[in-house]
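Read the figures in this text as sums done on the coordinates, not as results from a lab. Please read these numbers as outputs of a predicted model, since none were measured by experiment. Here the Cβ is made from the backbone with ideal geometry for all residues, glycine too, and neighbour counts use every protein chain on show.
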Amino acid sequence: MSSGTALADLREFSYQGESYAFEPKSLKFRPTGRDNPRLAQHFEEVSTREPVLRPMPAGGISFITLNVAHDCNMACPYCFAKQGLYGGRDRKLMDSESARRSVDWLFEQAGQKPEVYLRFLGGEPLMNVPVIREAALYAEEKARQSGKRIYMSINTNGTLFNADIAKMLTDHRMTVSISMDGTRAAHNTFRVFRNGTGTYDAVVRNVGRFLAVDPDTMINATLTAENLDVDEYAELFRSLGVKMVRFAVVGTAVPEIAVAKEEKLARLLAAYDRLAVTYRDQLLSGDVWYLADFYKYFGNFRTLEKRHNRCGAGTAYVNVDVDGNVNLCHRFTTDGTQRIGKVTSKTVDVPLGIRTRDQLQATSASVPSGPEVSQLTGQPGIRALKLAGEEPKMRGASVPAHLHRQLDGTAFFEQIDSTAGVTSANVCAGCDIRHVCGGSCFHDGEILYGDLFGGPDGFKCEVDRHLAKISMWLLDSIFQHDPTLLDRLDDLHLRSQQHHAE
Ligand code: SF4
Ligand code: SF4
């Protein structure tokens, strides 16, 4: 083993022909068989203190996605919002009164937090430009009065653009995220207009226009069983002038198109491997761009700080639907299982498990990750909700069994059913990357197992553990060649937070 910080309880793994030793409890890692003095020195410096859990910020929800349109000019069959209708029967646009009330609510909830985030969502939010403009003006006024800083962003399908939209985005300094899946064939597989024709040409035509307004425009690409070639897609996005990219994997919760078969997973990981090599070469040659997938663990691996939660749903972030209902996150809005308030009321009924976990993590050096809190199920307030009026879609045998593997490939957990209520069966507690991942997604837990803390989607975990390996390999290269690249990446990451504060 090479010199440097002493590591205990090591997990050894290889990636791209390099060997590494990683200590899951401390998050320190190092190459084996050779030195990386700068990386070792970095860890020496940051490890003069114990790894910390950063206290949860004071104040409450400071980020909302605001559904200004439960309507869309597209009809993608895989849409989490059910073609923009969020499970409703009627197409609907938010009125300005509801939008203003939602902004009031956001500022109230934020308490002492100095920054608030307002993200316009649909359906297609650009079908309701007048209300976005009104809400934006109102939010700016509230920010002035309260001394807070407001960040506004919009998530669009990229098919609508005109001078009015450009002016609105510019006037309110909104950052833009465009949903685009990749090459023409990949994109048009699911991203279609209501008449079924593909939207690729319309989106490509507009990407440059959005970039002219917001040079940090981000592309959000959805990966399904049908489109997995992230390396090709990234190359295309870069050729369009984009420097901010994020891929999101459709999981087992949408079984028809999920990346939930071993051969699909292998194809995706191989594409990530090809992209990792290209990305590293580009970075080292000074071509710095932001790929959220590769960056997402950079912060924790460098600071040795541990994540509290996978996301801020319920503690920092919620979704507000077109009628002013507050939902735990945007994904819960369609099935309505975690409606936790209304913007007309000050109180938010955050499920106890989330609040309790939050408190535990603010004070404890342990990381109760994911289902660990499920030992609290059965207490009043813990809600193991089923989808309204029906059994959870995929309970029991219909959930594909999944064998979780550590970074070195060792199988450590067979996930065959809910882990909820079985403390000893906490998949996250034994996972190598629990301290950087933060545990399972509440929505996956609920949809797959009927419990917010029911456990993760194992296929997504394999992707996450693979990304953790890529992350360490990239950091090794960056520290070896030019650590100042990290400053530029951190800067892009900060800007990306205006797109995603989840
Ligand atoms: S990768 Fe999966 S098992 Fe590991 S901590 Fe994250 S959600 Fe839990
Ligand atoms: S990680 Fe899951 S619970 Fe959190 S915001 Fe995303 S979909 Fe919602």
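Radius of gyration over Kirkwood radius for region 65-215, both on Cα atoms: the Rg/Rh ratio is 0.99.
When only Cα pairs below 8 angstrom with a gap of at least 6 residues are kept, region 133-211 shows a relative contact order of 29 percent. Judged by the ratio a/c of the largest to the smallest principal axis of the C-alpha gyration tensor, region 146-303 counts as oblate, that ratio being 1.5 or greater while a/b is no larger than b/c. Taking θ as phi - 60° and the Karplus parameters 6.51, -1.76 and 1.60, the scalar couplings of region 225-237 work out to 4, 8, 9, 10, 8, 4, 5, 5, 5, 4, 4, 5, 4 Hz in sequence order, x denoting glycine and proline. A simple rule links phi to the HN-Hα coupling: the Karplus curve 6.51 cos²θ - 1.76 cosθ + 1.60 with θ = phi - 60°, which for region 484-489 gives 5, 4, 5, 4, 5, 5 Hz, with x for Gly and Pro.
Overall, the ratio between the Cα radius of gyration of region 258-318 and 2.2 N^0.38 Å, rounded to two decimals, is 1.47. Output the relative contact order of region 282-348, whole-number percent, from Cα pairs under 8 angstrom with separation of 6+ residues. Over region 282-348, the number comes to 17 percent. Between LEU223 and ALA248, VAL249, VAL250, the built amide H atoms are under 5 Å apart, and every one of these is 5 or more places off in sequence or on another chain.
Scanning residues 5 or more positions from PHE413 or on other chains, those with amide H under 5 Å from its amide H are HIS404, with H placed 1.01 Å from N in the peptide plane.
Would you mind classifying region 432-502 by shape? Square roots of the alpha carbon gyration tensor eigenvalues, ordered a ≥ b ≥ c; an a/c under 1.5 is rounded, otherwise it is prolate if a/b is larger than b/c and oblate if not.
Since a/c reaches 1.5 but b/c is at least a/b, the shape of region 432-502 is classed as oblate.
Each residue of region 164-181 was assigned a 3J(HN,Hα) from its phi angle through the Karplus curve 6.51 cos²θ - 1.76 cosθ + 1.60 (θ = phi - 60°); the sequence is 5, 5, 4, 5, 4, 5, 5, 4, 10, 6, 7, 8, 10, 10, 10, 7, 8, 8 Hz, with glycine and proline shown as x. Between THR410 and LYS261, the C-beta separation translates, for a Förster distance of 25 Å, into a calculated FRET efficiency of about 0.70. Put a dot 7 Å past the Cα of GLU44, heading toward its Cβ, do the same for ARG144, and the two dots end up 5.4 nm apart. Electrostatic bookkeeping for LEU275 treats Lys and Arg as +1 and Asp and Glu as -1; over the other residues with beta carbon under 10 Å from its beta carbon, the sum is -4.
Subtracting the Cα-Cα distance of ALA212 and THR170 from their residue separation scaled by 0.36 nm leaves 14.1 nm. Give the average over all directions of the projected area of the C-alpha convex hull of region 120-179, one decimal, in nm². Averaged projected hull area, Cα only: 3.8 nm². Taking a sphere under 13 Å around the Cβ of PRO31 and counting the other residues whose Cβ falls inside, with K and R at +1 and D and E at -1, yields a net charge of +1. Computed on region 222-359, with alpha-carbon pairs under 8 angstrom and 6+ residues apart, the relative contact order is 16 percent. Its residues counted as N, region 106-155 yields a C-alpha radius of gyration over 2.2 N^0.38 Å of 1.17.
Under 17 Å from a label point set 7 Å out along the Cα-to-Cβ vector of LEU137, the amide N atoms of region 100-119 belong to 100-104. Computing FRET efficiency as 1/(1 + (r/R0)^6) for VAL348 and SER14, where r is the C-beta to C-beta distance and R0 is 60 Å, gives about 0.80.
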